[in-house]
Amino acid sequence: MRTRHALRGTDLLIDDVVASSTGRRVLLAGWEHDVAVHHLASGRTSRPITTTFDAGGRRLALSDQLDLIVAGAYHRHGVAAYCARTGAERWRRRDLKQIQHITLSRDGRLAYCGAERGPMAILHVRTGKTWGLLRGARALYESRVEPVAVVDTARPYLMGARGRLGWIPRLGFAFLDVTFAPGQVCVSDAGGPVRCLRLKDLDEAWRYQPPRGWHAVRLGYDRAARCFVGIEWNYKRGGPHAFTRLSAATGEVVGRWSLRNRAGAAFAGAGRRLVLSDGRILDTTTGKQTGRY
């Protein structure tokens, strides 16, 4: 069970954290429905708003460019967008069912909505209208620095502006997370290693194997320090999460700290901040706490 933090002055217990499209803000999410927006620079947190997102998948996203929250549900509510400032519902797509995974394009204007069954719906965040469909895709991870994306299908691949660029072999039953650095893509295999591939040819640059029984459930990239960062968990025994820093050049471990509990987490602020559902905000360079929300 994740460690939850009660948002001061509200009844909201934070269960998970989701970084916005630019990483300047994060969504603080309860177990279901209620979310608040935290601004990293100012330290301000908005009053909670009620949405129709369901827990159990990655069903929340925040577009900084449009100031809209996109929320998905597994059953009857479909996908909806809300004004991040007022909580007003802007649109709803009840026809989209069994949503499991929502991510945004790097400009915050498209939402990639992966479902349990059927094609991925790509929606305009401003209007909710369908931009396109992507068959067989469960999730899509778009680079924030280059016009490429990893499409997670039965046979994952790297996609560019003109189509498929190459296949990415899977070493586990699923990708837990994907992140990008200039010229690189980093993937975490369920029950397996973290691998860094070169974008130019998809050859493996290096591989990091977590301790026995552990895998990385979240990945990020610290642009200033040129390090990949990850949240690891012992999937065999449970227990607290750990936070790891890896050199982007070699995959060498340059830091590893216990987080003392199992918490929802998101890397934000260009990879320099780790925001946890237990209320802490950590500096990813030192592993030390820099604030609370």
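The values are calculated or read from the model by the stated rules, or taken from the named source; none is laboratory data. Quick caveat: nothing in here was measured; it's all calculated off a predicted structure. Because the Cβ atoms are built from the backbone with ideal geometry, glycine has one as well, and the counts that use them run over all protein chains shown.
ARG94 fulfils the conditions (1) surrounded by fewer than 21 Cβ atoms within 10 Å (Cβ to Cβ); (2) under 24 Å from SER46 (Cα atoms) except for a single criterion, (2). Within the stretch 165-176, is even one residue touching a residue at least 24 places away in the same chain (Cβ under 8 Å), within 19 Å of the chain's Cα centre (by Cα) and within 24 Å of ALA268 (Cβ to Cβ)? So far as the stretch 165-176 goes, yes, one or more of its residues are touching a residue at least 24 places away in the same chain (Cβ under 8 Å), within 19 Å of the chain's Cα centre (by Cα) and within 24 Å of ALA268 (Cβ to Cβ).
Any residue that is modelled with pLDDT under 95, surrounded by fewer than 20 Cβ atoms within 10 Å (Cβ to Cβ) and of a type outside the set (Val, Ile, Thr) - is there at least one of those in the stretch 107-114? Checked against the condition, which is being modelled with pLDDT under 95, surrounded by fewer than 20 Cβ atoms within 10 Å (Cβ to Cβ) and of a type outside the set (Val, Ile, Thr), the stretch 107-114 yields no hits at all.
Looking only at the stretch 33-63, count how many residues are surrounded by 16 or more Cβ atoms within 10 Å (Cβ to Cβ) and either in a loop (DSSP other than H, G, I, E, B) or touching a His at 6+ places or on another chain (Cβ under 8 Å) (or both). Break it down stepwise before answering.
Initially, the stretch 33-63 is screened for residues surrounded by 16 or more Cβ atoms within 10 Å (Cβ to Cβ), giving 33-38, 40, 45-46, 48-49, 51-54, 57-63.
From what is left, the residues that are either in a loop (DSSP other than H, G, I, E, B) or touching a His at 6+ places or on another chain (Cβ under 8 Å) (or both) are 33, 40, 45-46, 48, 51-54, 57-59.
Qualifying residue count, the stretch 33-63: 12.
Taken over the stretch 231-267, the criterion of being assigned to a strand (DSSP E or B) and touching a His at 6+ places or on another chain (Cβ under 9 Å) is satisfied by ILE231, GLU232, TRP233, ASN234, SER258, ALA265. Do we have ASP95 as farther than 22 Å from ASP177 by Cβ, out of contact with any strand residue (DSSP E or B) (no Cβ under 8 Å at 6 or more places or on another chain) and assigned to a loop (DSSP other than H, G, I, E, B) here? Yes: the conditions hold for ASP95. Quick one: in the stretch 121-139, which of the residues that are touching a Gly at 6+ places or on another chain (Cβ under 7 Å) and part of a strand (DSSP E or B) is surrounded by the fewest Cβ atoms within 10 Å (Cβ to Cβ)? It comes out as ILE122.
Just one of (1) over 26 Å from CYS113 (Cβ atoms); (2) in contact with a Leu (Cβ under 8 Å, 6 or more places away or on another chain) fails for VAL148. It is (1). If only residues of the stretch 1-31 that are crowded, with 17+ Cβ neighbours inside 10 Å and among the hydroxyl-bearing types (Ser, Thr, Tyr) are counted, the one that is farthest from the chain's Cα centre (by Cα) is THR3.
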